[in-house]
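The values are calculated or read from the model by the stated rules, or taken from the named source; none is laboratory data. Treat the numbers as computed from the prediction; the structure is a model and nothing was measured. Heads up, the Cβs are rebuilt from the backbone with ideal geometry, glycines too, and the neighbour counts pull from every protein chain shown. We work out accessible area using only protein heavy atoms, side chains counted, and drop any ligands, DNA or RNA first. Shrake-Rupley method; radii C 1.70, N 1.55, O 1.52, S 1.80 Å.
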Amino acid sequence: MKNKFLATLLFACSMGTLSAQTPVYLDDSQPVEARVKDALSRMTLEEKVALCHAQSKFSSAGVPRLGIPELWMSDGPHGVRAEINWNDWGYANWTNDSITAFPALTCLAATWNPEMSARYGKAIGEEARYREKDVLLGPGVNIYRTPMNGRNFEYMGEDPYLASIMCVPYIQELQKNGVAACVKHYALNNQELWRGHIDVNLSDRALYEIYLPAFKAAVEQGGAWSIMGSYNKIRGQHACHNDLILNKILKGDWKFDGCVITDWGGAHDTYEAAVNGLDIEMGSYTNGLTSESAFTYNDYYLAHPYLAMLKEGKVPMSTIEDKASRILRLIFRTAMNRQKPYGAVCTDEHYAAAREIGNEGIVLLKNTPVVKKGAPLLPIDAAKYQNILVVGDNAVRLLNQGGGSSELKVKDMVSPLDGLRAVYGDKVQYAKGYAAGRPMYGRADEVPQTVVDSLRAEAVEMAKKADLVVLVGGLNKNHFQDCEGGDRLQYGLPFGQNELIEALQGVNKNLVLVLLSGNAVEMPWVAKVPAIVQGWYLGSMGGKSLADVLSGAVNPSGKLPFSFPAKLADCGANAFDALSYPGDSIKQVYKEDVLVGYRWHDTKKIPALFSFGHGLSYTTFAYGKPVASAKTMTTDEMLTVTIPVKNAGSVAGKEIIQLYVGDEKCSVLRPAKELKHFTKIALEPGEEKTVTFTLTPDDLKFYDETASAWTLEPGKFKIYIGASSTDIRGMVPFELK
Ligand code: BGC
């Protein structure tokens with residue numbers, strides 16, 4: 001169909017190079033709104049309705065008669081997914097759709113560096129453009145509510161401010177390629193269990209303060225051209241056609257002018273879809289063969305059934321005018337955008353971006369000396385060790401596979417074992433240590449206990465003879481791990497890894513543990529393991545990023561975008577009965593309310609094992625005293641806070657300085673403190689920089705449910721400057737008058 005569009009354009013050009021006769025909608029020197037109006041005026045009702053639903057698994061129709069091309073979509077969010085068959089989920093087995101896998105979004109969030117986010121968006125946008133995609137299904141910005149959610153790895157952590165800051169540059173840079181972001185999953189898709197129907201109930205405060213801000217930032221600051229409705233219900237109505245979150249909030253309050261696209265199979269009702277803000281319906285069931293209509297996609301809720309309701313006057317014509325306008329606008333911004341660059345895949349620049357995002361996102365959780373006054377194990381000094389044993393399935397596993405829709409077909413993938421061998425050469429031995437089975441979808445692969453025992457025994461024997469053991473474990477993309485369509489079954493490490501860690505530690509004290517996962521895990525052995533690294537899912541260059549950090553070529557500078565509760569009951573969402581998590585299979589109530597993540601740990605004084613914002617470095621940073629520009633602030637003033645920060649060690653490093661605000665007394669329950677600003681700075685050894693933050697009255701507001709508005713309440717506040725949410729290095733009190 002794209003050829004038809006080109007033919008129309010060529011025809012227009014040959015008739016006088018987009019002359020006065022050129023229809024306005026084809027003339028890209030005209031404002032988009034004029035083009036939308038013109039195209040609409042030429043279309044039949046049937047043509048308008050045809051825009052509103054899929055015509056294959058990953059495309060929706062254009063208007064062939066007018067040379068308006070179809071929209072091609074692809075997952076997202078960590079790379080451009082391989083081509084899928086026209087009518088089913090099978091891969092098309094092309095030979096030219098291998099791409100770069102970028103680190104998972106949890107890793108991007110852990111960089112706390114918006115520049116990394118911009119590089120991510122630019123690189124993935126170029127790859128999507130090269131693959132001729134118009135809409136990339138990502139980024140994901142659902143809030144990390146519980147470590148049991150199988151899909152947390154696709155999101156940006158537990159804090160709405162961090163997720164907001166980090167998603168914006170991704171979207172902006174991606175869209176410069178003429179490829180729309182489709183921000184997902186709007187909203188409250190915070191677990192995979194029963195995701196298709198669970199009815200999420202929560203307070204307005206939790207909705208506005210915790211779960212919506214990242215979507216709002218994506219729309220208002222990122223300028224996202226599309227958004228994906230989630231599978232779940234919200235207060236009784238499916239999110240894909242939900243009056244509150246689509247009509248009132250997204251299109252009303254936030255003035256979103258783009259398209260709402262369903263999650264695949266997320267539409268359930270024609271009338272609601274017509275009147276409650278859905279624009280494009282994707283993925284509703286059809287096998288392409290059995291159907292009422294000759295063209296099966298015409299059976300979609302927003303296809304013939306919608307057309308019939310329009311003709312019978314059962315839904316207003318204004319609904320289709322609005323939907324068609326939005327879809328045309330999206331087409332003009334993407335498929336019919338002649339200014340867009342050509343794009344590229346697997347370039348050196350893309351691999352460099354993937355590697356550096358990995359470098360900046362890896363978090364050093366713990367690095368204590370094995371013997372008193374000795375040096376910590378990390379970075380691994382090549383001169384010290386002759387025999388380094390690498391253990392673990394994740395050291396060699398292709399973690400681009402599995403996980404659900406974010407699965408990627410990569411051109412290149414450097415494993416942790418490859419990465420470490422490239423640095424330490426033949427000093428490196430390998431033992432698998434544990435087996436995790438295949439990344440099956442919908443069920444877990446069972447590994448026989450005899451295999452588990454023999455792999456462990458082999459690794460332990462080899463560990464006895466090694467100078468240093470590096471265990472690369474964690475979760476993986478198998479079903480019930482970090483994978484779409486199901487939640488985790490346990491908070492602890494799977495595949496017998498707890499036993500393996502204890503056994504390895506029993507024979508070799510020089511144990512470095514690298515956890516690859518998108519989720520927190522329980523660590524009963526934490527006190528016994530001297531060095532622990534959170535390595536996420538790092539994509540194509542993962543092995544290189546890890547080796548860079550483990551060897552000290554790169555000084556770790558990532559910090560946790562979510563808390564690691566010591567045990568599951570310490571997490572707010574999991575501290576209540578089953579109605580809070582996972583719900584009673586029909587309904588769910590978010591009982592922890594606004595106290596998500598560190599807000600719960602801090603306010604309830606239940607320390608996390610590793611706190612939000614935590615991450616160590618191979619150097620140390622000395623924070624000076626924070627100084628505020630005034631002791632009081634009025635409701636229309638700003639307050640600046642300055643803090644000197646010095647690299648007090650002997651290697652260069654980067655530090656993330658975090659500013660939290662706590663309201664001392666308020667008419668509603670507020671978290672002990674909340675992240676309001678942060679910055680990441682690079683410091684040479686001995687170098688000092690002064691960081692300045694500007695606090696605005698907006699930073700002090702809460703969502704007032706009685707007034708349905710953001711409100712300021714005068715009183716005493718405290719500004720906390722921290723190296724993490726619990727490692728507070730300075731405090732300044734002030735009063736809001
Ligand atoms: C997922 C979406 C994805 C879509 C298309 C759904 O199952 O929830 O995130 O974009 O499939 O693959």
Problem - Table column - 3J(HN,Hα) (Hz), segment 603-620, Karplus curve with 6.51, -1.76, 1.60, x for Gly and Pro - result: 5, 8, 6, 10, x, 7, 5, 10, 7, 3, x, 7, x, 8, 9, 7, 10, 10
Practice task
Be a star and scan segment 381-417 for residues whose amide nitrogen sits under 19 Å from the point 7 Å along the Cα-to-Cβ vector of Ala457.
Solution key: 392
Handout entry: Degrees, to the nearest 10: 497-507 long Cα axis against longest axis of the chain
Key = 20
Fill in the blank from the handout: Summing -39500 (n - 2.57) over every DSSP H run of at least 4 in the chain, dividing by its residue total and rounding to the nearest 500, the 222 nm mean residue ellipticity is -7000 deg cm²/dmol
Problem - Length added when fully stretched, Glu115-Ala294, from 0.36 nm per residue minus Cα-Cα - result: 59.5 nm
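Holding the Cα-Cα limit at 23 Å, pick out from Lys216/Lys605; Lys216/Lys665; Lys559/Lys673 the pairs that are longer than that.
Among Lys216/Lys605; Lys216/Lys665; Lys559/Lys673, the Cα-Cα distance tops 23 Å for Lys216/Lys605; Lys216/Lys665.
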Completion exercise
The whole-number value in µm²/s of the Stokes-Einstein translational diffusion coefficient for the chain, with Rh from the Kirkwood sum over alpha carbon pairs at 37 °C and 0.692 mPa s, is 123
Problem - Shape parameters for segment 362-562, alpha-carbon atoms, Rg then Dmax in Å - result: 15.9, 50
Problem - Surface accessible to a 1.4 Å probe, per residue, for the residues of the chain, Å² - result: 36
Fill in the blank from the handout: At the level of C-alpha centres, the distance separating segment 217-291 and segment 388-402, in angstrom, is 38
Problem - 3J(HN,Hα) from dihedral phi, segment 357-368, Karplus parametrisation 6.51/-1.76/1.60, rounded to Hz, x for glycine, proline - result: 5, x, 3, 7, x, 4, 10, 7, 7, 8, 7, 9
Completion exercise
Given 410-423, 539-552, 204-217, the highest-first ranking by average Cβ count within 10 Å works out to 539-552, 204-217, 410-423
Completion exercise
With the label point 7 Å along the Cα-to-beta-carbon line of Asp88 and a cut-off under 19 Å to each amide N, the hits in segment 436-477 are 440-443
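Compute the length gained on full extension between Thr694 and Lys737: take 0.36 nm times their separation in residues and subtract their Cα-Cα distance, giving the result in nm to one decimal.
Extra length available between Thr694 and Lys737 comes to 13.7 nm.
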Exercise for the section: Work out the P(r) tail for segment 533-628: percent of alpha carbon pairs separated by more than 22 Å, whole number. Expected result: 51
Handout entry: Longest to shortest principal axis, alpha-carbon extents of segment 619-736, angstrom
Key = 54, 24, 18
Handout entry: Members of Lys372/Lys528; Lys567/Lys604; Lys373/Lys646 lying beyond 20 Å, as alpha-carbon distances in this model show
Key = Lys373/Lys646
Problem - On Cα atoms only, tilt of 317-333 relative to the major axis of the chain in degrees - result: 60
Handout entry: Contour excess over end-to-end distance, with Cα ends at Asp204 and Thr44 and 0.36 nm allotted per residue
Key = 53.5 nm
Exercise for the section: Over the chain, calculate the relative contact order: mean separation of alpha carbon pairs under 8 Å at least 6 apart, over the residue count, as a percent. Expected result: 14
Practice task
Go ahead and run the numbers for FRET between Val507 and Ala527, Cβ-Cβ distance against an R0 of 22 Å, rounding to 0.05.
Solution key: 0.80
Exercise for the section: Quick one: which residues, 5+ away or cross-chain, put their amide H under 5 Å from the amide H of Val533? H built at 1.01 Å from N. Expected result: Leu365, Leu513, Val514, Leu515
Completion exercise
Taking a straight Cα-to-Cα line shorter than 14 Å from Lys133, and setting aside same-chain aspartates and glutamates fewer than 8 residues away, one finds Glu70, Asp75, Glu83, Asp97
Problem - Inter-label distance, nm, simple model (7 Å from Cα along the C-beta direction), Arg65/Lys701 - result: 4.8
Practice task
Which order do the peptides 99-109, 270-280 take when ranked by the mean count of other beta-carbon atoms within 10 Å per residue, highest first?
Solution key: 99-109, 270-280
Practice task
Within segment 174-211, find all residues whose amide N lies under 19 Å from a label point positioned 7 Å from the Cα of Arg235 along Cα-to-beta-carbon.
Solution key: 186-190, 197-211
Problem - Inter-label distance, nm, simple model (7 Å from Cα along the C-beta direction), Asp577/Thr642 - result: 5.6
Practice task
Rank-order 117-129, 704-716, 451-463 by packing density, defined as the average count of other C-beta atoms within 10 Å over each peptide's residues, highest first.
Solution key: 117-129, 451-463, 704-716
